[in-house]
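Only the coordinates and a few stated rules stand behind these numbers; no lab work does. Everything numeric here is computed off the predicted structure, so don't read it as measured data. FYI the Cβ positions are ideal-geometry reconstructions off the backbone, even for glycines, and counts take in every protein chain you see.
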Amino acid sequence: MRPDRRRLHTGRRGPGGRPEVLTPHAVFEILMLWGYYRTVSRITNGLDLPLEAWAARFSQYGPALDGA
């Protein structure tokens, strides 16, 4: 049996041991969410908005990501 190449596999197994797949609708939804995130990220970085005083910083929880 030929696999359906139009669907993306999630890497998990569903009922009967068959691989779970993402429907075209789910793929579209993921792409829309990714695009929304990128848009908000670019706008906030472009406007150089100040950081919120109440928000936690990643540096409070562990070493810096740059290895310093």
- Message: Are there any chymotrypsin sites (Phe, Trp or Tyr not before Pro) in segment 20-56 that are in a DSSP loop and have at most 13 other Cβ atoms within 10 Å? List them by number.
- Response: TRP54
- Task: List the residues whose amide H sits under 5 Å from the amide H of VAL21, counting only those 5 or more places along or on another chain, with H placed 1.01 Å from N in the peptide plane.
- Result: THR10
